[in-house]
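A.B. asks: Quick one: the structure is below, questions incoming.
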Amino acid sequence: MKAGTNLEKVLESGAFAVTAEAAPAKGAVSSAIERKGEMLKPYCDAVNVTDNQSAVVRMSSWSSCVLLKQFGIDPVMQVVVRDRNRLAIQSDVLGALALGIQNILCLSGDHQSLGNHPEAKGVYDVDSIQLVQMLKTMRDEKKFQCGEEISGEVPIFIGAVANPFAAPFEYRVLRLAKKVEAGADFIQTQAIFDITQFAKWMEAVRNRGLDKQVRILAGVIPTRSVGMARYMRDYVSGVYVPDEVITRLEGAKSTKEEGIKICLETIEQLKDIQGVHGIHIMAVAWEEIVPRIVEEAGLLPRPAV
C-alpha cells in the first residue's frame with residue numbers, strides 16, 4: 001500500500017517516530033482538543049485521540065480528529081469494540097475516511113464497570129483482533145465484513161496495541177503475532193517502566209521476525225506523582241511499575257522532575273533496542289510536558305515527509 005498518512009510516511013522512511021496522546025473534553029468544547037493539538041503539532045508525527053478512555057464519556061474520537069486535521073495534524077482515531085457493533089464501526093470508519101482520517105487504532109477498551117456509566121451494556125460484537133481483520137478486508141478487498149462490495153478506495157493505516165507485561169509472558173508475543181497476521185501495520189505498546197522485561201519481549205518478537213512485519217512504537221508515561229505511580233502499579237491492568245521506580249520517586253526532591261528523568265532514561269534505552277521504530281508518549285492529563293520530553297530526548301526536528 002502506498003504511503004499516505006504522515007505517520008505512515010515517517011515509519012516507511014525508517015525515522016524514529018514520535019506519537020502522543022490527547023484526550024478530548026468532557027463536553028462539546030472544541031477549544032480543549034485544538035489547544036492540545038497546536039501544542040503537540042511541532043513535536044509529534046501523529047496525535048492519538050482517545051475513545052471514551054477509562055470508559056468515561058468524552059467528545060468522540062472522530063470529531064476530535066477532524067478538529068486536529070484542520071490544524072494540519074495527522075490524527076490517529078482510536079476505536080474500541082466495547083461500545084459499537086460491526087455496523088456502527090464500519091460506518092464510522094467510512095465517515096472518518098471521507099473526512100481525511102486514515103490512521104485507525106483498534107482496541108478492546110477499558111471495561112465499562114470502571115467508568116462513569118458502570119451499568120452500561122458492553123457490546124463486544126467483535127474483539128480487537130477481529131476489528132483489525134475487518135479493517136484489512138475493507139482496505140485490501142474493498143468489502144464489508146458481510147462480503148458486500150465497498151465503493152471507492154479505503155486507505156486505512158491500521159494500528160493495534162500490545163502489552164509486553166501481562167501474564168502469561170509467552171502469550172504476549174503470540175497475541176502480537178495474531179494481530180500482525182490479521183493486518184496490523186503499526187503497534188503501540190503499553191507503558192514501559194521495566195526496560196529489562198521489555199527487551200526480553202522484543203527479543204522474542206525479533207525471533208519470530210515480527211519486527212520486520214510491523215512497526216512497533218514503545219509506550220512511555222511521564223509520571224508526575226508517587227500516587228500516580230502507585231495507582232498504575234496497583235490498579236491499571238497490564239502496567240508494571242517496579243518497586244525501584246516507586247522508591248526513586250519517593251526519594252526525589254521534585255517528583256515531577258524525577259518522573260521526567262525516568263521517562264527520558266527509558267526513551268534513551270528504547271532507541272538502542274533493535275526492532276523499536278519509535279515511541280508513543282501517554283502523558284495522562286499532562287500533555288503540556290510532551291514538548292519538553294521530545295526536545296530533551298533529542299528527537300527534534302521531526303522529519304518533514
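The values are calculated or read from the model by the stated rules, or taken from the named source; none is laboratory data. All figures in this text were calculated on a predicted structure; none of them were measured in a lab. A quick note on method: Cβ atoms are made from the backbone with ideal geometry, for glycine too, and the neighbour counts reach across all protein chains shown.
A.B. asks: Which of the numbered conditions does M59 fail, given that it passes all the others? Conditions: (1) touching a Pro at 6+ places or on another chain (Cβ under 8 Å); (2) more than 24 Å from S128 (Cβ to Cβ); (3) surrounded by 18 or more Cβ atoms within 10 Å (Cβ to Cβ).
C.D. replies: In the conditions (1) touching a Pro at 6+ places or on another chain (Cβ under 8 Å); (2) more than 24 Å from S128 (Cβ to Cβ); (3) surrounded by 18 or more Cβ atoms within 10 Å (Cβ to Cβ), M59 misses (2) alone.
A.B. asks: Taking into account only those residues within segment 1-21 that are at pLDDT 95 or above and among the small types (G, A, S), which is nearest to the chain's Cα centre (by Cα)? Let's see the steps before the verdict.
C.D. replies: Of all residues in segment 1-21, those at pLDDT 95 or above come to 5-21.
Those still in the list that are among the small types (G, A, S) too: 13-15, 17, 20.
On the way: S13: 20, G14: 19, A15: 18, A17: 12, A20: 8 Å.
Top of the filtered list is A20.
A.B. asks: Any idea which of (1) in contact with an Asp or Glu (Cβ under 7 Å, 6 or more places away or on another chain); (2) under 19 Å from G159 (Cβ atoms) is the one C106 doesn't satisfy?
C.D. replies: Every listed condition holds for C106 apart from (1).
A.B. asks: Identify all residues within segment 143-196 that are β-branched (V, I, T), touching a strand residue (DSSP E or B) at 6+ places or on another chain (Cβ under 7 Å) and farther than 30 Å from A229 by Cα; write none if there are none.
C.D. replies: I150, I156, I158
A.B. asks: Kindly provide the set of residues from segment 273-286 that are on the phi > 0 side of the Ramachandran plot, out of contact with any Lys or Arg (no Cβ under 6 Å at 6 or more places or on another chain) and surrounded by fewer than 20 Cβ atoms within 10 Å (Cβ to Cβ), ordered by number.
C.D. replies: Once the filter is applied, which keeps residues that are on the phi > 0 side of the Ramachandran plot, out of contact with any Lys or Arg (no Cβ under 6 Å at 6 or more places or on another chain) and surrounded by fewer than 20 Cβ atoms within 10 Å (Cβ to Cβ), segment 273-286 yields only A285.
A.B. asks: How about segment 15-71: which of its residues are among the hydrophobic types (A, V, I, L, M, F, W, C) and on the phi > 0 side of the Ramachandran plot?
C.D. replies: Answer for segment 15-71, where residues must be among the hydrophobic types (A, V, I, L, M, F, W, C) and on the phi > 0 side of the Ramachandran plot: just A55.
A.B. asks: Can you tell me which of (1) of a type outside the set (D, E, K, R); (2) crowded, with 23+ Cβ neighbours inside 10 Å; (3) in contact with a helix residue (DSSP H, G or I) (Cβ under 8 Å, 6 or more places away or on another chain) is the one L105 doesn't meet?
C.D. replies: Looking at each condition in turn, L105 falls short on (3).
A.B. asks: Restricting the first residue to segment 89-108 and requiring it to be within 27 Å of S237 (Cβ to Cβ), which pairs with a second residue that is of a type in the set (D, E) meet a Cβ separation below 7 Å and a spacing of at least six or different chains?
C.D. replies: Every condition considered, the pairs that remain are N103/D74; S108/D127.
A.B. asks: Just checking: which of the helices (runs of 4 or more DSSP H) contained wholly in segment 128-209 hold 3 or more residues that are under 18 Å from the mean Cα position of the chain (by Cα), touching a residue at least 40 places away in the same chain (Cβ under 8 Å) and within 25 Å of D45 (Cα to Cα)?
C.D. replies: Ranges flagged: 128-136.
A.B. asks: Sticking with this one: Name the residue, out of G109, G100, that is more than 20 Å from A182 (Cβ to Cβ) and among the small types (G, A, S).
C.D. replies: It is G100.
A.B. asks: Residue under question is I289, and the condition is that it be buried (at least 20 other Cβ atoms within 10 Å of the Cβ) and within 19 Å of D45 (Cβ to Cβ); does it hold?
C.D. replies: no
A.B. asks: Quick check on segment 139-147. Is at least one of its residues out of contact with any Leu (no Cβ under 6 Å at 6 or more places or on another chain) and crowded, with 19+ Cβ neighbours inside 10 Å? Walk me through how you get there before you give the answer.
C.D. replies: Going residue by residue through segment 139-147, those that are out of contact with any Leu (no Cβ under 6 Å at 6 or more places or on another chain) are 139-147.
Of the ones still in play, those that are also crowded, with 19+ Cβ neighbours inside 10 Å are 139.
Looking for residues that are out of contact with any Leu (no Cβ under 6 Å at 6 or more places or on another chain) and crowded, with 19+ Cβ neighbours inside 10 Å, one finds at least one in segment 139-147, hence yes.
A.B. asks: Pull up segment 59-90, narrow it to residues that are among the polar types (S, T, N, Q) and out of contact with any Asp or Glu (no Cβ under 6 Å at 6 or more places or on another chain), then point me to the one that is farthest from Y124 (Cα to Cα).
C.D. replies: Step by step, filter segment 59-90, then rank; the result is Q70.
A.B. asks: Which members of segment 116-154 meet the condition of being under 23 Å from T189 (Cβ atoms), in contact with a helix residue (DSSP H, G or I) (Cβ under 9 Å, 6 or more places away or on another chain) and not β-branched (V, I, T)?
C.D. replies: Across segment 116-154, the qualifying residues are S128, Q130, L131, Q133, M134, L135, K136.
A.B. asks: Report, ordered by the first and then the second residue, all pairs with beta carbons closer than 6 Å, sequence separation of six or more or different chains, a first member in segment 211-222 that is under 10 Å from A162 (Cβ atoms) and in a loop (DSSP other than H, G, I, E, B), and a second member that is modelled with pLDDT of 95 or more and of a type in the set (G, A, S).
C.D. replies: What qualifies is V214/A184.
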